[in-house]
Amino acid sequence: QKEVEQNSGPLSVPEGAIASLNCTYSDQGSQSFFWYRQYSGKSPELIMFIYSNGDKEDGRFTAQLNKASQYVSLLIRDSQPSDSATYLCAVNIPPHAGNNRKLIWGLGTSLAVNP
Amino acid sequence: DAMVIQNPRYQVTQFGKPVTLSCSQTLNHNVMYWYQQKSSQAPKLLFHYYDKDFNNEADTPDNFQSRRPNTSFCFLDIRSPGLGDAAMYLCATSRDFGTSGRNEQYFGPGTRLTVT
């Protein structure tokens, strides 16, 4: 059973702090990892993707990938109230397991940034 | 700006009355997806098109159909909506890069379907 797991939260952080969101996945062959932000009642918005081990930074966001441990994380520096949303982790289905145009989704972590 | 557009944004239909949702894209992506998302759940893939090649998910009810008349447009038809079909319907697109899996999916704003 291919799975992506996230803590549902809510994760509560004060404004200006670093928010750390984690995601683990079950299939070692997965190659591509995505973080989506979803505000209540809105559609998912792609905010980060990472394909190689290590860190990838984009503004206040850093994605970290560790394939050996099968986890991917998202750090949000200088958190703002506008970052309050659900963050969805998605992982591609590796070619050996089927159609790799498809993603396996976690249930998301709810983040609340308190002013 | 290149984007994914969905119409209508809100749709109310009666139980059993067919409904069609539309999606268009200006990204020139060759893959288009339809997802269903209910409250506090992950998006659930219904089907996707790779160019004109239709790929249905095994657990997608027959009540759901799709058409892709050209690269830019894709439609979701719900033939006889039930109360359980009330959800957000999301269209997404990606550019396929073969077996690399590097296909970032970009979503439209969604259509909120209410069934009365």
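Residues checked against (1) touching a helix residue (DSSP H, G or I) at 6+ places or on another chain (Cβ under 7 Å); (2) more than 17 Å from A:Ile93 (Cβ to Cβ); (3) assigned to a loop (DSSP other than H, G, I, E, B):
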position	(1), (2), (3)
A:Glu5	no, no, no
A:Ser12	no, yes, no
A:Ala17	no, yes, yes
A:Asp27	yes, no, yes
A:Tyr36	no, no, no
A:Ser40	no, yes, yes
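What's the total number of residues in the range B:19-40 that are of a type outside the set (Phe, Trp, Tyr) and more than 15 Å from B:Ala86 (Cβ to Cβ)? First the steps, then the outcome.
Our first condition is that a residue be of a type outside the set (Phe, Trp, Tyr); within the range B:19-40, this holds for B:19-32, B:36-40.
Now drop any that are not more than 15 Å from B:Ala86 (Cβ to Cβ), which leaves B:20, B:22-32.
Number satisfying all stated conditions: 12.
I want to confirm something. Restricting to the range A:75-96 and keeping residues that are within 11 Å of chain B (Cβ to nearest Cβ) and not in a strand (DSSP E or B), which single residue is surrounded by the fewest Cβ atoms within 10 Å (Cβ to Cβ)? Break it down into steps so the answer makes sense when it comes.
Of the residues in the range A:75-96, the ones within 11 Å of chain B (Cβ to nearest Cβ) are A:86, A:88-96.
Right, trim to not in a strand (DSSP E or B) and you get A:93-96.
Details: A:Ile93: 20, A:Pro94: 17, A:Pro95: 14, A:His96: 9.
Residue satisfying both the conditions and the ranking: A:His96.
Taking the criterion of being touching a Leu at 6+ places or on another chain (Cβ under 9 Å) and β-branched (Val, Ile, Thr), would at least one residue in the range A:23-35 satisfy it?
Applying the first criterion (touching a Leu at 6+ places or on another chain (Cβ under 9 Å)) to the range A:23-35 yields A:23, A:32-35.
Restricting the remaining residues to those that are β-branched (Val, Ile, Thr) gives none.
Scanning the range A:23-35 turns up no residue that is touching a Leu at 6+ places or on another chain (Cβ under 9 Å) and β-branched (Val, Ile, Thr).
For the range A:50-71, check the following and say yes or no: at least one residue is without any contact (Cβ under 8 Å) to a residue 40 or more places away in the chain, within 14 Å of the chain's Cα centre (by Cα), surrounded by 13 or more Cβ atoms within 10 Å (Cβ to Cβ) and at the interface with chain B (Cβ under 9 Å from one of its Cβ atoms).
Looking for residues that are without any contact (Cβ under 8 Å) to a residue 40 or more places away in the chain, within 14 Å of the chain's Cα centre (by Cα), surrounded by 13 or more Cβ atoms within 10 Å (Cβ to Cβ) and at the interface with chain B (Cβ under 9 Å from one of its Cβ atoms), one finds at least one in the range A:50-71, hence yes.
Considering only residues that are under 11 Å from B:Tyr35 (Cβ atoms), outside any strand (DSSP E or B) and either more than 10 Å from the chain's Cα centre (by Cα) or more than 7 Å from chain A (Cβ to nearest Cβ) (or both), which ones fall in the range B:83-116?
Residue satisfying the conditions is B:Gln105 alone.
Restricting attention to the range B:72-103, report how many residues are in contact with a His (Cβ under 8 Å, 6 or more places away or on another chain) and buried (at least 17 other Cβ atoms within 10 Å of the Cβ).
Final tally of qualifying residues: 2.
Looking at A:Gly54, A:Gly16, A:Gly59, which one is farther than 22 Å from B:Ser94 by Cα and in contact with a Leu (Cβ under 9 Å, 6 or more places away or on another chain)? Break it down stepwise before answering.
Details: A:Gly16 fails: in contact with a Leu (Cβ under 9 Å, 6 or more places away or on another chain); A:Gly59 fails: in contact with a Leu (Cβ under 9 Å, 6 or more places away or on another chain).
A:Gly54 is the lone residue from the list that is farther than 22 Å from B:Ser94 by Cα and in contact with a Leu (Cβ under 9 Å, 6 or more places away or on another chain).
Values quoted throughout were computed directly from the atomic coordinates according to the rules given, and no laboratory measurement underlies them. The model shown is predicted, which means the values in this text are computed figures rather than measured ones. Cβ: placed from backbone, ideal geometry, glycine included. Neighbour counts: every protein chain shown.
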